[in-house]
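Report on the structure given below.
The values are calculated or read from the model by the stated rules, or taken from the named source; none is laboratory data. Please read these numbers as outputs of a predicted model, since none were measured by experiment. Using ideal geometry, Cβ is built from the backbone for each residue, glycine included, and neighbour counts are taken over all protein chains shown.
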Amino acid sequence: MTTETITAAASGTWTLGDREVHRIGFGAMRLPQDGPALQPDAVPSDRARAIAVLRRAVELGVNHIDTAAFYFSPLRSANELINSALGGPYPDDLVIATKVGPRRDAAGVWTDHALTPGELRGQVEENLRQLGRDHLDLVNLRVLGTHSLADRFGALAELRAAGLIRHLGVSNVTPQQLAEARTIAPVVCVQNMYGIGVRPEQDEFVRFCGQEGIAFVPFYSIAASGREGGTSGSESAELLDVARAHGASPAQVRLAWTLHRGPHVLAIPGTGNPAHLDANVAAGALRLSEDELARLDALHHTAP
């Protein structure tokens, strides 16, 4: 498929909280480094290229960017890159979503210390400072495990009431944890790992979110089991057949399938490569037939 002149508008829109966004967004995890993300020994990315990618994303109509203060490598921070590329002032229609909960130390090593509500506030303040904002559009509480999130989500709800956060979401959660969070404050999105062959048991949860008017924002929808390391480069014959039929790449088909899961599903593919960015955005214009969707759905439920 051609990528010329295709913008994020081709993917349609969804009202995220009270802001209308295009359904193809951008994930900033891969910006600070070349190669696998979130590694202590990551190779810093080229700063000028990363800033150019962000500015190109906005030129293409992307108005939903996902980030986190723990997206960094030696010398590079996703939030600082976003601020430098797009701040002063930010575009009026741009929604920046961030995550809090996990923590990496200054060397980039993950810590297993469970954050207190006070430490969560510190993470919110860190995001505000790095992004150069007086409030955050959307903060997702990233949850590790199936235990109660009440105290931590309650702390974020207090910051929302104080005006530091506009909207709240949850990430890596079960339906039970979503239900618990909704008793505390409104939840506008769920951000879970999901894609072709990735957690098919989430299908019903995806549908439920749509019924409730909650955005479902899948991560690793392209990388799948490759996660932070990216795609493995190996694809099934079924997926390759669909890609060839559309003159598209397997990554574009994966994104298109994700968007076909419902109008509330928002994609946030991430890249530090300008050409990959254009292709990811163009995937929002890819329309799959009922037969193609059936074939990919079957792959979704049978892939190892």
Matching residues in segment 272-292 (touching a helix residue (DSSP H, G or I) at 6+ places or on another chain (Cβ under 8 Å), at pLDDT 95 or above and surrounded by fewer than 16 Cβ atoms within 10 Å (Cβ to Cβ)) number 1
Residues of segment 172-197 being within 20 Å of D18 (Cβ to Cβ) and either basic (K, R) or not in a helix (DSSP H, G or I) (or both), in sequence order, are R182, I184, A185, P186, V187, V188, C189, V190, Q191
Going through (1) crowded, with 17+ Cβ neighbours inside 10 Å; (2) within 24 Å of W14 (Cα to Cα) one by one, A155 fails only at (2)
**Request:** Would you be able to say whether some residue in segment 133-146 is out of contact with any helix residue (DSSP H, G or I) (no Cβ under 9 Å at 6 or more places or on another chain), over 16 Å from Q177 (Cβ atoms) and part of a strand (DSSP E or B)?
**Result:** yes
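From the list R76, R56, R23, exactly one residue is in contact (Cβ under 8 Å) with a residue 24 or more places away in the chain, basic (K, R) and touching a Phe, Trp or Tyr at 6+ places or on another chain (Cβ under 9 Å). Which is it?
Within the list R76, R56, R23, the selection yields R23.
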Check your understanding: Got at least one residue in segment 51-70 being closer than 25 Å to R23 by Cβ and among the aromatic types (F, W, Y)?
Key -> no
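Every residue, every condition in (1) part of a helix (DSSP H, G or I); (2) touching a Ser or Thr at 6+ places or on another chain (Cβ under 6 Å); (3) in contact (Cβ under 8 Å) with a residue 60 or more places away in the chain, yes or no:
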{"residue": "L159", "(1), (2), (3)": "yes, no, no"}
{"residue": "R166", "(1), (2), (3)": "no, no, yes"}
{"residue": "E201", "(1), (2), (3)": "yes, no, no"}
{"residue": "G213", "(1), (2), (3)": "no, no, no"}
Within segment 76-101, the residues that are in a strand (DSSP E or B) and of a type in the set (A, V, I, L, M, F, W, C) are V95, I96, A97, V100
Reported set for segment 75-94 where residues are on the phi < 0 side of the Ramachandran plot and among the aliphatic types (A, V, I, L, M) is A78, L81, I82, A85, L86, L94
Of the residues in segment 272-287, those that are closer than 27 Å to F205 by Cα and either of a type in the set (V, I, T) or assigned to a loop (DSSP other than H, G, I, E, B) (or both) number 3
Within segment 90-122, the residues that are within 24 Å of I51 (Cβ to Cβ) and either crowded, with 16+ Cβ neighbours inside 10 Å or of a type in the set (V, I, T) (or both) are Y90, L94, V95, I96, A97, T98, K99, R104, G108
By residue number, the members of segment 13-44 that are within 27 Å of R103 (Cα to Cα) and surrounded by fewer than 21 Cβ atoms within 10 Å (Cβ to Cβ) are G17, D34, G35, P36, Q39, P40, D41, A42, V43, P44
Note on segment 48-75: residues in a loop (DSSP other than H, G, I, E, B) and surrounded by 16 or more Cβ atoms within 10 Å (Cβ to Cβ) are L60, G61, V62, N63, A69, F70, Y71
Restricting attention to segment 127-152, the residues that are under 18 Å from T67 (Cα atoms) and either of a type in the set (S, T, Y) or buried (at least 16 other Cβ atoms within 10 Å of the Cβ) (or both) number exactly 14
Per the filter on segment 45-71, residues farther than 22 Å from R133 by Cβ and touching a Lys or Arg at 6+ places or on another chain (Cβ under 7 Å) are S45
Note on segment 14-54: residues among the small types (G, A, S) and touching a helix residue (DSSP H, G or I) at 6+ places or on another chain (Cβ under 7 Å) are A28, A37, A50, A52
Filtering segment 237-257 down to residues that are among the small types (G, A, S) and either crowded, with 17+ Cβ neighbours inside 10 Å or modelled with pLDDT of 95 or more (or both) yields A243, A245, G247, A248, S249, A251, A256
Within segment 163-187, residues within 22 Å of V95 (Cα to Cα), surrounded by fewer than 21 Cβ atoms within 10 Å (Cβ to Cβ) and in contact with a Leu (Cβ under 8 Å, 6 or more places away or on another chain) come out as L164, R166, N172, A185, P186
